[in-house]
Every structure is written in C-alpha cells, then in structure tokens.
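Contents: one structure, followed by commentary.
Here, each number is a calculation from the coordinates, and none is a lab measurement. Everything numeric in this text was worked out from a predicted model, so none of it was measured. Every residue, glycine as well, gets a Cβ built from its backbone with ideal geometry; the counts of neighbours run over all protein chains shown.
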Amino acid sequence: MSESKVIVITGASSGIGEATAKLVAKDGAKVILGARRENKLKKIADEIEKLGGKAAYQVTDVTDDNQVEALAKLAIDKFGRIDVWLNNAGIMPQSILSEKKINDWNNMIDINIKGTLYGIGAAIPYMDKQKSGHIINVSSVAGHTAHSGSAVYSATKYAVRAISESLRQEMVEAKNNVRVTVISPGAINTDLLSSVTDPEVKAGMEKFYESFGISVDRVALTIKEAIDMPADAAWNEVIIRPTKWASPKRLENLSVLLR
C-alpha cells in the first residue's frame, strides 16, 4: 500500500502531480514535491501538513540533472529512502514541423525525455541499494499514436515508453525488485495546454478538452492503484481516457488527442 511509502513527484506544483501528492499523502505516504514554482509547492506542502500528512519540497528544474539529484537527496535526508519516483513533469508546445519552432522542440526533449532520464538516474541507486522501489513515468496517448502537429511531442512520449520498457528489463536482470509503470493519459484537464505555443492548435485543443477532458483525480487514482499493487506484480502500462472519447479517426482535429 502507499501508506508510509516515500514518494517523490516531479511536476508536482499542479495537475496530475499535485492531485497525486494529495491523494497518497491522505493515505499516509510521505511526499517529496519537485517543480519550478516555489509558491505553489509551498502551498501544496502546507495543505498536506495541515491535514496531518508529511511533505517536503524543493524547487526543481528537471532539465538540470544536479537539481534532480538534489531532490533525491532531500528525500533521503528527510525520510531515509525513496519508495516511488513519479516522473510527471512535461510540456506540450505542439505545432506543425514546417513552422520550425526549434526552441519548443528542444524544451520538449529536455523536459519530457531528459527530465525522465534524470529522475530515473537519481532514484535507481537508492532503490538498488534498498532492493525495492517503483519508477512511474508519465507518457501519453500521444506516445501510442502521432498526428499532424504532434510530431515532437509524440516522439518524446514514445521515448518515455521505450525508456521505461528497457528499464523494466534491466531491473529484472538486476534482481532488485524495482517495478516500472507507464501511465499514458489522454484528455486530462491540467495546465498542460498553457505550454501550447501555436494559437490555432491551442484553440482546437481547448475546444476538445471542453468536450472530453476529465479530472486529474482520475489519473491520480490510477497512479495510487499502481503503487498499491502487491510487490510481486506491476502494472507495466496503463492508458486512461475519458469514457466518451471517440475513435481518433472520427475526430475532426487529430492533433488534440494528447495528454
């Protein structure tokens, strides 16, 4: 169970990260929050503490491996171990490739891929030493299918799935009891849309999310259930979509089928 586990969450200042932190803390987990917005991290940590939970936070830019390592050290210094590491930080500034938004491409690669790798790299040494642990990586339905406007974002989320599967096999070979789970959400109401820089794409996505988007609490519950699986089994990958989501082929704007 998530009770008494030490859970590190990146991208913890809003959306899926915030909802997950509050849910597992309510169940007794000790949470370490990492994100770039200190005021929001402090507010969430204070709310958790007021409800009787245990939380600590550190401003963390996941594109900086030293900051990610420092987040892991905070967990060890504060609570003595890392049981779960949730790589949740991500952005989605979509656009068609011919617009050549190189800064957006680089930011997605740095946050979505490198940020995930840095989190894995920071957590695994501690998990290997304690012979237990759980890495949870947030991908997307865009990591299963790509559309016009989603090329780089989808590439980063496909990469998260590939990294996760390789990691899973490596952990089996290491015999260290570290589990690996990929969560692939679709149409979840988060702040992610704020990172979309193309006005036309953003307008289409906002319209889609108004019709289909579901609460971040649904994803948080899925993550908690993955954590609560008995230690000898793991959910390796979960796709979570709104119940009323139609087939992608029937949707007018395919570029909006993203987390």
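In debye to the nearest 20, how big a dipole does the chain give about its Cα centre with +1 on each Lys and Arg Cβ and -1 on each Asp and Glu Cβ?
300
Compare the Cα positions of 103, 130, 72 along the charge dipole of segment 69-135 (+1 at Cβ of Lys, Arg; -1 at Cβ of Asp, Glu; about the Cα centre) and return the one farthest towards the positive end.
Farthest towards the positive end: 130.
In square nanometres, what is the average projected area of the Cα convex hull of segment 57-150?
That works out to 6.7 nm².
Using +1 on the beta carbon of Lys and Arg, -1 on that of Asp and Glu, and nothing else charged, what's the dipole of segment 98-157 about the Cα centre, debye to 20?
That gives segment 98-157 a dipole magnitude of about 140 debye.
When Lys and Arg each count +1 and Asp and Glu each count -1, what net charge do the other residues less than 14 Å away from residue 168, Cβ to Cβ, add up to?
Net local charge, residue 168 excluded: -1.
Spelling out what I want: for every residue of segment 15-20, take phi, set θ = phi - 60°, compute 6.51 cos²θ - 1.76 cosθ + 1.60 (Karplus), and round to whole Hz; glycine and proline get x.
The phi angles translate into x, 4, x, 4, 4, 5 Hz.
Among 167, 53, 87, whose Cα lies farthest out toward the positive end of the dipole of the chain, if unit charges sit on the beta carbon of Lys, Arg (+1) and Asp, Glu (-1)?
Toward the positive end, the furthest listed residue is 53.
For residue 237, which sequence-distant residues (separation of 5 or more, or a different chain) have an amide H within less than 5 Å of its own amide H, given hydrogens modelled in the peptide plane?
HN-HN under 5 Å from residue 237: 182.
How far is helix 38-50 tilted, in degrees, relative to the longest principal axis of the Cα atoms in the chain, given as a value from 0 to 90 rounded to the nearest 10?
It is inclined by approximately 50 degrees.
Given a cut-off of 32 Å, name the pairs among 22/100; 50/244; 43/157; 78/224 whose C-alpha atoms lie farther apart than that in the structure shown.
Violating the 32 Å Cα-Cα cut-off are 22/100; 50/244.
Compute the long axis of helix 151-174 from its Cα atoms, compare it with the longest principal axis of the Cα atoms of the chain, and write down the angle in degrees, 0 to 90, nearest 10.
30
Once every DSSP H run of n ≥ 4 in the chain is given -39500 (n - 2.57) and the sum is divided by its residues, what mean residue ellipticity at 222 nm do you get, rounded to the nearest 500 deg cm²/dmol?
It comes out at -14000 deg cm²/dmol, rounded to the nearest 500.
Using the Karplus equation 6.51 cos²θ - 1.76 cosθ + 1.60 (θ = phi - 60°), what ³J(HN,Hα) coupling, rounded to whole Hz, does each residue of segment 58-63 give in order, writing x for Gly and Pro?
8, 4, 9, 9, 5, 7
Rank 146, 233, 155 by mean-square fluctuation in a GNM of the chain with C-alpha springs under 10 angstrom and give only the top-ranked residue.
Greatest mean-square fluctuation among the candidates belongs to 233.
Placing +1 on the Cβ of each Lys and Arg and -1 on the Cβ of each Asp and Glu in the chain, which of 180, 62, 118 has its Cα farthest towards the positive end of the resulting dipole?
180
To the nearest 20 Debye, how big is the dipole of segment 20-95 about its Cα centre, given +1 on the beta carbon of each Lys and Arg and -1 on that of each Asp and Glu?
In debye, rounded to 20, segment 20-95 gives about 320.
Could you give me the radius of gyration and the Dmax of the chain, taking only the C-alpha atoms into account and expressing both in angstrom?
17.4, 52
If I take every Cα pair under 8 Å that is 6 or more residues apart in the chain, average their sequence separation and divide by the length, what percent do I get for the relative contact order?
Contact order relative to length: 20 percent.
By the scheme Lys and Arg +1, Asp and Glu -1, what is the net charge of all other residues having a beta-carbon under 9 Å from that of residue 237?
Net local charge, residue 237 excluded: 0.
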